[in-house]
Amino acid sequence: MASLLPGFFISVEGIDGSGKSTQARLLAGRLRQEGESVISIHDPGTTALGERIRALLLGKSEDAPPAPFAEVSLFLAARVQLLKEMIEPALARGEVVVCDRYLDSTLVYLGAGRGLDLDALLELHRLVGAARMPDLTLVLDLEVQAAQRRSDATLPADRIEAEPTTYHERVRQGYLALAPRFPERVVVLSAKPPPQDLAESCWRVASDRLMARRAT
Ligand SMILES: Nc1ncnc2c1ncn2[C@@H]1O[C@H](COP(=O)(O)OP(=O)(O)O)[C@@H](O)[C@H]1O
Ligand SMILES: [Mg+2]
C-alpha cells in the first residue's frame, strides 16, 4: 500500500575500512529510535540473487579476473534486483532505506578505479531501470593506509580489497570527485573521528535532509 509519507533513500559510501558498515548500522539504529521504519540493506547482496552474485564478485578464485564490463554487469544485476525487490517497495511504504554501498561504488571502483567512462556507467543504469539515485549519499573519507589498518583487524581481504594501494587511492579520489558532480545529494565526511562522533555527524546530516523532505 502506498504511504502518504515520502520514503527516503540513504547510501553510505567510502573505501574498504572507512567505517561504512559501522555507520550504516548506527544510523539505522538512530532512525529507528526516532520512530522511523527503516530497512538496512547492502549492495551487492541482501536479496537471494544478489548474495549469489556477491559471492561471484568478491570471492577469491583461480579464475581469470572478470573483464571490466562483465564485472559491471554483475554489479548491475544485483543492484536492479535489490531496487525492485526491496528499495522501491520500501520507499513506496514511506520507509527509510539505509544502504551500505550503492551505485556510486560502481562509478568509482569501475570508473575512477578501472577507467570506465562515468557517463557510460550512468547510461547503463538508466537502460536497465536502475537510475533511481539515493536522496542522500554519505561518503566517509579516510586515507587509504588508515583504512587498511582498520580492515586488517577484521576479515581476510576479498578480491577487490586485495587490489594494490594505488587502485584504492584512485577510488578514494573518485569518491571525492563525486561531491562536485552530485552536489545536491553527496556529502563527504571525514571518517577519522571515533565511531560515535562520526555517527553524530551522519545523524545530523541525515536528519536535516529527512526533515526537509518530510516538510515538502
Ligand atoms: N570511526 C572509526 N574509528 C576507528 N575504527 C573504526 C571506525 N569505524 C569502524 N572502525 C573499525 O574499522 C573496521 C572497519 O569498519 P567497517 O565499518 O567494517 O568498515 P567498512 O564497512 O567501510 O569496510 C572495523 O573493525 C571497525 O570496528
Ligand atoms: Mg563493510
Pairs, please: C-beta under 9 Å, at least 6 apart or cross-chain, first residue closer than 15 Å to A28 by Cβ and in segment 196-215, second open to solvent by less than 20 Å² (accessible area, probe 1.4 Å) and of a type in the set (S, T, N, Q)? L198/Q23; A199/Q23; C202/Q23
Of all residues making up segment 44-73, the number that are open to solvent by 20 Å² or more (accessible area, probe 1.4 Å), aliphatic (A, V, I, L, M) and under 21 Å from E88 (Cα atoms): 2
So, in segment 133-149, exactly how many residues are part of a helix (DSSP H, G or I), surrounded by 16 or more Cβ atoms within 10 Å (Cβ to Cβ) and within 11 Å of ligand 1 (Cβ to nearest atom)? 2
With the condition kept exactly as written, say whether any residue in segment 150-168 is of a type in the set (G, A, S), within 15 Å of ligand 2 (Cβ to nearest atom), in contact with a helix residue (DSSP H, G or I) (Cβ under 7 Å, 6 or more places away or on another chain) and closer than 24 Å to L27 by Cα. no
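Looking at L110, L76, which one is without any contact (Cβ under 8 Å) to a residue 60 or more places away in the chain and crowded, with 22+ Cβ neighbours inside 10 Å?
On the way: L76 fails: crowded, with 22+ Cβ neighbours inside 10 Å.
Step by step, each of L110, L76 is checked, and only L110 is without any contact (Cβ under 8 Å) to a residue 60 or more places away in the chain and crowded, with 22+ Cβ neighbours inside 10 Å.
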Which of the following residues is under 30 Å from A67 (Cβ atoms) and either in a helix (DSSP H, G or I) or among the hydrophobic types (A, V, I, L, M, F, W, C) (or both): T154, T166? T166
Out of the residues in segment 86-107 meeting the condition of being away from ligand 2 (no atom under 16 Å from the Cβ) and in a loop (DSSP other than H, G, I, E, B), tell me which one is surrounded by the most Cβ atoms within 10 Å (Cβ to Cβ). E95
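Considering every residue within segment 118-131, establish whether at least one is touching a Phe, Trp or Tyr at 6+ places or on another chain (Cβ under 8 Å) and of a type outside the set (S, T, Y). Steps first, please.
So the first thing to find is which residues in segment 118-131 are touching a Phe, Trp or Tyr at 6+ places or on another chain (Cβ under 8 Å), and the list is none.
No.
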I'd like the full set of residues that are buried (at least 16 other Cβ atoms within 10 Å of the Cβ) and within 14 Å of ligand 1 (Cβ to nearest atom), limited to segment 176-202. L189, A191, L198, A199, S201, C202
When the residues of segment 1-15 are narrowed to those that are at pLDDT 95 or above and more than 14 Å from L198 (Cα to Cα), which ends up nearest to ligand 2 (Cβ to nearest atom)? I15
Sort out which residues of segment 16-52 are in contact with a Ser or Thr (Cβ under 7 Å, 6 or more places away or on another chain) and away from ligand 2 (no atom under 12 Å from the Cβ), and write them in order of number. A28
Run down R204, R172 and say which single residue is of a type outside the set (S, T, N, Q), part of a helix (DSSP H, G or I) and out of contact with any strand residue (DSSP E or B) (no Cβ under 8 Å at 6 or more places or on another chain). R204
Would you please list the contacts, defined by Cβ atoms under 6 Å and residues six or more apart or on different chains, that run from a residue in segment 39-66 that is away from ligand 1 (no atom under 16 Å from the Cβ) to a residue that is at pLDDT below 95 and not β-branched (V, I, T)? K60/R159
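The values are calculated or read from the model by the stated rules, or taken from the named source; none is laboratory data. For clarity, every value in this text was computed on a predicted model and none was experimentally measured. Every residue, glycine among them, receives a Cβ derived from its backbone with ideal geometry; neighbour counts consider all protein chains shown. Note: areas computed on protein heavy atoms with side chains; ligands, DNA, RNA excluded. Shrake-Rupley method; radii C 1.70, N 1.55, O 1.52, S 1.80 Å.
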